[in-house]
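The values are calculated or read from the model by the stated rules, or taken from the named source; none is laboratory data. Just so it is clear, the model here is predicted, and its values are computed rather than measured. Virtual Cβ from ideal backbone geometry, glycine too; neighbours counted across all protein chains shown. Calculation scope for accessible area: heavy atoms of the full protein, side chains included, ligands and nucleic acids excluded. Shrake-Rupley method; radii C 1.70, N 1.55, O 1.52, S 1.80 Å.
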Amino acid sequence: MRQNRVLGITGKMGSGKSTISSILAQSYGFKVIDVDKEYHTLLEENEELKKKLTDVFGEEILVSGKIDRNRLRALVTADKSRFEVLNKITHEFIFERVKYLVLEVFKEYPTVIDAALLFEIGLNRLCSVVWFVEAEENLLVDRIIKRNGWSEKEIKSFLERQKVLESHKKLANRVIVNNFDIEKLKSVIKKYLKEDGLI
């Protein structure tokens, strides 16, 4: 199942995974699979997933017949056990979607899978190389506030849950510390792409 030139990028929210993915797309022709976006598409379009989630969490997660991500997030943020149930249901759908994109849609191209939960979902099984991206917590919080407009309390709660991701550093092929400016980041990416046989 593992393909040549499929790079998995993982790390906490706000660490810079999307920035690295953009550089790979613009400068090196990588196709980018943003797993968050694919998940959102599944929530909007996959009727089987919608049925499973409403069966478990109730009709209150729906607005105008569609799953409302904010309602769903608020529901699972309030209760850790609900969060685990959500992951159990959604990860299977996400894995199948990403596998289809890697093996069918983008099979002729170098591809990057951008996913905070790369290892939990099992997407590392599709990758030839995995990079773990990290940054100082104050930078993570600033980036998420700017991008998502969440409150600091919401972000801290989310990052607390993502602490489990730190154990994935050992599973990754490389760790990239993204505390520096974009030009420095670009030079690090170029170096690692060459060393990992991705370009």
For n ≥ 4 DSSP H runs only, could you compute -39500 (n - 2.57) per run for the chain, divide by its residues and tell me the 222 nm figure to the nearest 500? -16000 deg cm²/dmol
When the dipole is taken about the Cα centre of the chain, and only Lys, Arg (+1) and Asp, Glu (-1) are charged at their Cβ, what size is it in debye, to the nearest 20? 540
Of L123, F106, F83, which is farthest along the charge dipole of region 59-199 in the positive direction, counting Lys and Arg as +1 and Asp and Glu as -1 at C-beta? F106
Of K99/K169; K31/K99; K17/K88; K50/K88; K31/K190, which sit over 20 Å apart, Cα to Cα? K99/K169; K17/K88
Which percent of the accessible heavy-atom area of the chain goes to carbon and sulfur, probe 1.4 angstrom? 47
Volume per residue that the Cα convex hull of region 6-193 spans, once the total is divided by residue count, Å³: 122
Whole number in Å², please: accessible area per residue of region 6-193, 1.4 Å probe, ligands, DNA and RNA not counted. 52
Enter the angle in degrees (range 0 to 90, nearest 10) between the Cα long axis of helix 137-148 and the first principal axis of the Cα atoms of the chain, meaning the one along which they spread out most. 60
How much net charge surrounds E38 when only the other residues with a Cβ under 12 Å from the Cβ of E38 are counted, with Lys and Arg +1 and Asp and Glu -1? -3
Under the rule of at least 5 residues apart or a separate chain, name every residue whose amide H is placed under 5 Å from the amide H of L62. D68
Over region 1-128, what is the relative contact order in whole percent, taking alpha-carbon pairs under 8 Å and six or more residues apart? 54
